[in-house]
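Each remark here refers to the structure printed beneath this line.
The values are calculated or read from the model by the stated rules, or taken from the named source; none is laboratory data. The structure displayed is predicted, hence computed values, not measured ones. Glycine gets a Cβ as well: all are built from the backbone with ideal geometry, and neighbour counts include every protein chain shown.
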Amino acid sequence: MFRHSAGRLGSYYLTAIRTQKRLCGWQTVSPSRLSVPPRDFGTKGEWTDIGPGAELLSFAPSEWVADSGEAVLRDFVLGRVLVDGAEVPLFVLVKLNGADGKRGLRLSVRFAKGHTGTGVDFWFEPVSASASEGAQS
């Protein structure tokens, strides 16, 4: 069995998603930058919460990946999302729930009820769908 470390910052980031149900970034002072997911540039910093809101910038329509063989893409699309508080967008899974995926669509982060160990430990949904169903924990 192959095992490896995600490093000091990466491990904290992944554990925060899995156990604390939160997204965070690593904020450094010199140079001033917030990296999400965190990257260790060897400078001191501190953890900063981001989200839970976000803005959809773009996404790959389902028909573009229909023959990819990836089961997760039956329910999700791959989106470029700018999470509130982050400086650069992330490529993450988005569940549109029938919403029109227009640029600027407001999204909210959702977390899986249990640790899945896959790319579906968290995703984003349109705010209206997230608000009506309540937050998962």
Please go through segment 96-114 and pick out each residue that is farther than 17 Å from L73 by Cβ and in contact with a Gly (Cβ under 8 Å, 6 or more places away or on another chain). R106, L107, S108, V109
Looking for something closer than 14 Å to W123 by Cβ, over 12 Å from the mean Cα position of the chain (by Cα) and in contact (Cβ under 8 Å) with a residue 12 or more places away in the chain - is there at least one such residue anywhere in segment 66-73? yes
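How about segment 33-137: which strands (runs of 3 or more DSSP E) wholly inside it have at least 2 residues that are at pLDDT 85 or above and among the hydrophobic types (A, V, I, L, M, F, W, C)?
Details: elements: 33-35, 45-50, 53-59, 77-83, 90-94, 106-111, 122-126.
Output list reads 45-50, 53-59, 77-83, 90-94, 106-111, 122-126.
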